[in-house]
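First comes the structure, then the notes that go with it.
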Amino acid sequence: MPEFVHVAKILPGGKQEFLRQIKTAFESGSDGLKAFGFKRVRSFFTPETVDADGDGLLVTIYEADDPDVVKRFYEQEIVIKQEEQAHGRLVHEHDHNAVPMNVPFVDVDLS
């Protein structure tokens, strides 16, 4: 299953609220995400990157058969509005154009 990675740098003081918003949005919208074509969505916080300039990184891994699913997701009005709000208060500005092409450069099957 193809996986696509998105990374957002969390602004100072925004970590708890941002993580809460992401968790709530993905969990409450799980049926819609499935209907949209996602197979799985995982997000995690990386404390290794915490420094004086921020609260670390949020990493989201999307699984979908088609990279166009990810592209179309970030074109949705509701997602755009949430991203605009988050960029202003909770995360550094970034774009999403690379997300559908952000596939792992190594994939080791250990089964």
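The values are calculated or read from the model by the stated rules, or taken from the named source; none is laboratory data. Just so it is clear, the structure is predicted and the values come from calculations on it, not from any experiment. Counting neighbours? That spans all protein chains shown, and the Cβs are built from the backbone with ideal geometry, glycine included.
Could you tell me whether residue 83 is surrounded by 13 or more Cβ atoms within 10 Å (Cβ to Cβ), touching a residue at least 60 places away in the same chain (Cβ under 8 Å), of a type in the set (Asp, Glu) and not in a loop (DSSP other than H, G, I, E, B)?
no
So, in segment 86-111, how many residues would count as being in contact (Cβ under 8 Å) with a residue 24 or more places away in the chain, of a type in the set (A, V, I, L, M, F, W, C), outside any helix (DSSP H, G or I) and within 24 Å of residue 37 (Cβ to Cβ)?
Total meeting the criteria: 1.
Return only the number of the condition from (1) under 29 Å from residue 108 (Cβ atoms); (2) modelled with pLDDT under 90; (3) exposed (fewer than 12 other Cβ atoms within 10 Å of the Cβ) that residue 66 does not satisfy.
In the conditions (1) under 29 Å from residue 108 (Cβ atoms); (2) modelled with pLDDT under 90; (3) exposed (fewer than 12 other Cβ atoms within 10 Å of the Cβ), residue 66 misses (2) alone.
Please specify each residue of segment 86-99 satisfying the condition of being more than 11 Å from the chain's Cα centre (by Cα) and buried (at least 17 other Cβ atoms within 10 Å of the Cβ).
Within segment 86-99, 86, 90, 91 qualify.
What residue, among those in segment 67-108 that are out of contact with any helix residue (DSSP H, G or I) (no Cβ under 9 Å at 6 or more places or on another chain) and among the charged types (D, E, K, R), is nearest to residue 19 (Cα to Cα)?
83
Would you check which residues across segment 12-36 are crowded, with 16+ Cβ neighbours inside 10 Å and more than 15 Å from the chain's Cα centre (by Cα) and list them?
Answer for segment 12-36, where residues must be crowded, with 16+ Cβ neighbours inside 10 Å and more than 15 Å from the chain's Cα centre (by Cα): just 14.
What number of residues in segment 95-111 are within 12 Å of residue 6 (Cβ to Cβ) and of a type outside the set (Val, Ile, Thr)?
7
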